[in-house]
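Notes for the one structure printed next.
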Amino acid sequence: MDKTWEAIQKKTFTKWVNTKLEMGRVPHIQDLSNDLANGVRLIQLLEIIGGSDTTLGRYSTNPRMRIQCVENVNKALNFVMERGVPLTNIGAEDIVDKNLKLVLGMLWMIILRFTIDDISQDGKSAKEGLLLWCQRKTVNYKEVNVRDFTHSWKDGLAFCALIHRHRPDLLDYDALDFSKRHENTALAFEVAEKYLDIPKLLDVEDVCDIEKPDEKSVMTYVAQYFHAFSSQDKDETAGRRVAKFADVLHSIWKMQHSYEERVTALIQAVRSAQRRWQQTKLTDSYAETKQKGVEFATYKSTQKREWVSEKRELDTLLGNIQTKLKTYNLKPYFPPDGLTLRDLDNVWRDLLEDEAIYHRNINSKIREIKENLRKAYANAANEFQQKLDTISAELAALDGDLENQLNCVVGLSQEFGPLQKKLQAIETLDQACLEANTEENDYTVYSLEDLTFELGLVERAIRKKIAFIENQSISRNMTNLTPAQLEEFEHAFRHFANDHNTLSIEGFRAALASLGLFYDDYEMGLLFDHTSQNHESIRFEQFIQFMVSITEDKSTPEQLQDAFQTIAGDKPYVTELDLKRCMMTEPDVDYLVREMPTVTLSDNDMGLDYSSYVDQMFK
């Protein structure tokens, strides 16, 4: 292994020395150990790689004695050490005596100092800097993973990736066959030499056929790539710096543009709201005005809060713009006239003033509407109550004959239609007051319930008055009916009468049943036809006449027979107990028991034969 890496290093370093000597138009060396032994080529090499102004001073250009060779080599070694290169355990005699390992060691230190040490990446220099540079340039390439300067280069792909990264026009990386190590390495070496002036310091077999390629040789060769592309990398660095600066400026421009757009939009939105409030005409409708209040409250809890947040964010945004400009030592930003924070504050102050005015207008209008609603309801309610009082007074003051009184009451009853309409209007006003939350009303003491109740009282009073007058008229012609009977019959008629104030056959049946009179369907049909005089309904007067006919006490045999039969419960006799159940006075019961014929019953009790008694009394 020592001989292998020694041979590779010797070959690589020889090529490296010759490329540098060629730059100074100095003849190439053939054998590394022999041609550097007298110190002449070594001094020439150092003067070339040291820079255009570098000179090592006088030296023996054609030394013939050993001492001259040693002096030349010492001059060269002193120059190297003055440049900060430690040459531990390497002396001039070692070089003069052609010790290959020490010669290679010396050359490696020179290569490291003058070719690799100046490579720097993110604070790392020399080997670490060169490795980091290679990793960065090849990070996105398939099958390339640069971890060192030995195994990572054996398939040639890393070399191809470096070339493609900087000069994609020279080879197509994606077209490579990744399995062909030798072809890929040879391609990279040939392209580098032909188009990039990178000499072939290595042979293909030095990389591909060695288990572990020589690290120093690979580093020496790869360093040529770094220097070949350094100008391009400088352009990239410069471009990156310009791009970064442009990106900063662009981001600041976007922030400024965003600030101006957002301030403009906010000011326009605020002024639009102000114009809308100023143009709003509040009506006398409570619902519409209240809706304006609801919309304003919604605005305060939604849109206004968004504006407040936006205003705060704009304050912050402008501060961030100034901070960013200051961070990069750029000129401060001054918003255009009309878009400064002071302008925005002035607009905001006007907004608050217009808000207060609009809110006060709504509240004032609502108070005005509520007061008008109270007055409107109160006026209608008071007028309605006064009308009811007037009707009641006229009803109480009725006088004169019954016909005139009846005509007057009927006239008063015709007021109910208009009064119902007025009550509906009052109900509408009451509902409006409820919707407006105006339950308290200092202008009236009459509620809708009060008025409805009193209207009902007046209606009932008029109906009763009409019934009373009619009863009086009938009573005047039917003296056999007591006032209590007449009132009972009238109540039954009114309760079951239809809309035309007459009784159908069903109503007639129900009215009689309510008075304790029941008939079968046949009898009911006959009675209805007789009473209605074969019409479809029975009038009040006809109904009263019928009731008089069946209730008037005429003391006929038939009427007495029916009465006794009713008391007996359809038995052919009555008992003393039956008579007492009919609420008869005790003297009357005693009289009948004493005077009526008796019959003996099965249980030896006595019954009273009412049929025989009635017959003997009227014959």
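Derivation of every value follows stated rules applied to the coordinates shown; laboratory data play no part. Predicted model, so just to flag it, every value in this text is computed and none were measured. Positions of Cβ are generated from backbone atoms using ideal geometry, with glycine treated the same way; all protein chains shown enter the neighbour counts.
Compute the FRET efficiency between Trp253 and Tyr299 as 1/(1 + (r/R0)^6), taking r as their Cβ-Cβ distance and R0 = 45 Å, and round to the nearest 0.05. Result of the calculation: an efficiency of 0.85. Please tell me the relative contact order of region 155-288 in percent, rounded to the nearest whole number, where contacts are Cα pairs under 8 Å and at least six residues apart. Reported relative contact order: 17 percent. Using the Cβ-Cβ distance between Thr316 and Gln291 with R0 = 25 Å, the FRET efficiency computed as 1/(1 + (r/R0)^6) comes to roughly 0.10. Phi-derived couplings, Karplus 6.51 cos²θ - 1.76 cosθ + 1.60 at θ = phi - 60°, listed residue by residue for region 517-523: 10, 10, 9, 6, 4, 5, 4 Hz, with x used for Gly and Pro. Loop-located GluC sites (Glu not before Pro) across region 489-540 with a Cβ neighbour count of 16 or fewer within 10 Å are Glu536, with loop assigned by DSSP. Taking the 0 to 90 degree range and rounding to the nearest ten, how far is the long axis of helix 2-23 tilted relative to the main principal axis of the chain, both from C-alpha atoms? For helix 2-23, the angle is close to 80 degrees. For Arg66, project a label point 7 Å along Cα to C-beta. Then give me every residue of region 76-91 with its amide nitrogen under 17 Å of that point. Residues 91 fall inside that zone.
A simple spin-label model places the labels of Asp172 and Phe518 11.9 nm from each other, with each point 7 Å out along Cα-to-Cβ. Which entries of Lys300/Lys324; Lys292/Lys370; Lys127/Lys180; Lys20/Lys154; Lys20/Lys127 have Cα-Cα distances beyond 23 Å here? Lys300/Lys324; Lys127/Lys180; Lys20/Lys154, as the Cα separations exceed 23 Å there.
Extension gain for Asp284-Thr327 works out to 9.4 nm (0.36 nm per residue, less the C-alpha to C-alpha distance). Compared with the alpha-carbon gap, the fully stretched path from Ser125 to Lys375 is longer by 80.3 nm at 0.36 nm per residue.
Think of each Lys and Arg Cβ as +1 and each Asp and Glu Cβ as -1; about the Cα centre, that makes the dipole of region 397-544 roughly 500 debye.
Taking every alpha-carbon pair under 8 Å whose residues sit at least 6 apart, the chain reaches a relative contact order of 7 percent. Values of log10 I(q)/I(0) for the chain across q = 0.09 Å⁻¹ run -0.95, by the Debye formula with one identical scatterer at each alpha carbon and no solvent.
Taking 7 Å steps out from each Cα toward its Cβ at Glu193 and Arg25 produces label points 2.5 nm apart. In this structure, the pairs whose alpha-carbon distance is over 22 Å, taken from Lys10/Lys212; Lys75/Lys200; Lys101/Lys137, are Lys75/Lys200; Lys101/Lys137. How far apart, in nm, are the 7 Å Cα→Cβ label points at Asn404 and Arg342? Distance between the two pseudo-spin positions: 9.5 nm. FRET efficiency for the Asn78 to Arg58 pair, using the beta carbon distance and R₀ = 22 Å, is estimated at 0.95.
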